[in-house]
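Below is one structure, written out as structure tokens; comments come after it.
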Amino acid sequence: MSYVDVFSGNTIQPANKSYNVINLDQNITLSWPTQFLDTGNVVASWMDINATVAGRTLTMPDATLASNGQQIIIVNTGNQNFNLLKNDGTLILQNIAPGNAVCIHLYGNATTAGQWRAIPFGQGQ
């Protein structure tokens with residue numbers, strides 16, 4: 001999915017980020033990566049989430065801004081559980097425990113929350 005720059009009218013292509021590490025010491029809402037977004041809290045194909053504070057949440061960005069088929073692997077590399085939320089605040093998957101990994105797959109992007117499938121991998125190293 002591409003975007004149009006409102007100032008120049010030029011097309012902006014989304015950026016592809018393959019890996020990201022996020023320290024989850026506060027609740028975070030992610031963004032989809034684009035070439036001009038200057039933040040570390042963007043979705044990547046593989047995400048290591050260092051959950052250091054109990055009860056934190058990681059919220060996915062607006063699903064209408066992504067294509068169906070988007071897949072993300074999320075690994076909890078921290079020592080606390082965290083919840084993975086849709087953009088509207090409802091759960092995709094709760095209590096991703098330390099050492100666990102999950103693959104999430106966007107199969108419905110008609111709403112901001114989106115429709116996600118979560119495939120947990122269990123505990124790994």
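The values are calculated or read from the model by the stated rules, or taken from the named source; none is laboratory data. Nothing here was measured: the structure is a model prediction, and the numbers come from that model. Heavy atoms of the whole protein, side chains included, go into the accessibility calculation; ligands, DNA and RNA do not. Shrake-Rupley method; radii C 1.70, N 1.55, O 1.52, S 1.80 Å.
Heavy-atom accessible area per residue, the range 46-125, 1.4 Å probe: how many Å²?
Numbers: 3830 Å² over 80 residues.
Value for the range 46-125: 48 Å² per residue.
Using θ = phi - 60° and the Karplus relation 6.51 cos²θ - 1.76 cosθ + 1.60, list the HN-Hα couplings for the range 69-79 in order, rounded to whole Hz, with x at every Gly or Pro.
x, 4, 10, 9, 9, 10, 10, 8, 8, x, 10
Have a look at the DSSP beta bridges in the range 14-125 and tell me what percent are antiparallel, nearest 5.
Values: 17 of 34 bridges.
Approximately 50 percent, going by the DSSP bridge assignments.
In whole percent, what relative contact order does the range 50-125 give with Cα contacts below 8 Å and a gap of six or more residues?
Answer for the range 50-125 is 33 percent.
Calculate what fraction, in whole %, of the accessible area of the range 57-113 sits on carbon and sulfur atoms when a 1.4 Å probe is rolled over the protein chains. The partial results should precede the final answer.
Details: 1020 of 2280 Å².
C and S fraction of accessible area: 45 percent.
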